[in-house]
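Below is one structure; the comments refer to it alone.
The values are calculated or read from the model by the stated rules, or taken from the named source; none is laboratory data. All values reported here derive from a predicted model rather than from experimental measurement. Note that each Cβ is placed from the backbone with ideal geometry, even for glycine, and that neighbours are counted across all protein chains shown.
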Amino acid sequence: MTDASANGIVLCGIKHSGKSTVGAALSRRLNLPLVDLDREIELAYQRETGQSLTFREIYRLLGNEEFRRREALAVQDLAASGQAAVVALGGGAPMNPAVRPEWLHGLGRIVLLDIAPATAFRRILAGGLPPFLATAENPEKEFFRMCDERLAVYRRLADVVHRVEEGNTPEQEADRIIAALNGRDTKAL
């Protein structure tokens, strides 16, 4: 196990910054399990109700407040498990007042995947607008407003700010993050 994986890695960032895809590459590189927080919420919901819904469907069905409560429980459970993993947070998790920063730091070193909001918005459009943007009068303007708000919180929380290079593969980004966490590549920050 490399130094980078000693206590796990937590990826945060705006929607479509690459948390899940870069997280999967980090998981393979470091031989650590990947825990996608949105998937954890889906699995917990399925255990509780017997229904298999996506996190977007759960959000639409239960609303923001209940979704955020379930999100906080998922983070708390992960932190209590003590298992080293690569954790891909949902974009709203660091903003959730019920998610304690000490739980997040207890999961490992927090890496902000810093991506240009315009690039992320293009990726969002390719996959369809999520519920929190679909009802906005101007989805792009609302997304950029949210990015400004969230990036300030993410930066305060992060141990490492990693600038995502457009055109890099998830594996290239994973290698750059590992090098940065191990102190071998300060240019990756």
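Here are a few things to note about the model shown:
- Residue 137 farther than 20 Å from residue 27 by Cβ, surrounded by fewer than 17 Cβ atoms within 10 Å (Cβ to Cβ) and either hydroxyl-bearing (Ser, Thr, Tyr) or touching a residue at least 40 places away in the same chain (Cβ under 8 Å) (or both): no
- Looking across 111, 86, one residue alone is under 16 Å from residue 150 (Cβ atoms), hydrophobic (A, V, I, L, M, F, W, C) and buried (at least 22 other Cβ atoms within 10 Å of the Cβ). It is 111.
- In this structure, residue 120 does not satisfy being among the aliphatic types (A, V, I, L, M), in a helix (DSSP H, G or I) and closer than 17 Å to residue 26 by Cα.
- Qualifying residue in region 70-80 (condition: of a type in the set (A, V, I, L, M, F, W, C), surrounded by fewer than 16 Cβ atoms within 10 Å (Cβ to Cβ) and at pLDDT below 95): yes
- When the test is whether a residue is surrounded by 15 or more Cβ atoms within 10 Å (Cβ to Cβ) and either modelled with pLDDT of 90 or more or within 16 Å of residue 12 (Cα to Cα) (or both), residue 121 passes it.
- Qualifying position, being of a type outside the set (Ser, Thr, Tyr) and either farther than 23 Å from residue 128 by Cα or touching a Pro at 6+ places or on another chain (Cβ under 6 Å) (or both), among 68, 39, 29: 29
- Every condition in (1) small (Gly, Ala, Ser); (2) modelled with pLDDT of 95 or more; (3) closer than 17 Å to residue 110 by Cβ holds for residue 25 except the one numbered (3).
- For region 127-154, a residue qualifies if it is modelled with pLDDT under 85, assigned to a helix (DSSP H, G or I) and of a type in the set (A, V, I, L, M, F, W, C), and the qualifying residues are 132, 133, 134.
- Among the residues making up region 65-88, those that are touching a residue at least 12 places away in the same chain (Cβ under 8 Å) and among the polar types (S, T, N, Q) are 76, 83.
- Scan of region 71-95 for residues that are under 18 Å from residue 15 (Cβ atoms), of a type outside the set (A, V, I, L, M, F, W, C) and out of contact with any Gly (no Cβ under 9 Å at 6 or more places or on another chain), ordered by number: 90, 92, 94
- Yes/no for residue 92 being surrounded by fewer than 23 Cβ atoms within 10 Å (Cβ to Cβ), closer than 25 Å to residue 146 by Cβ and at pLDDT below 95: yes
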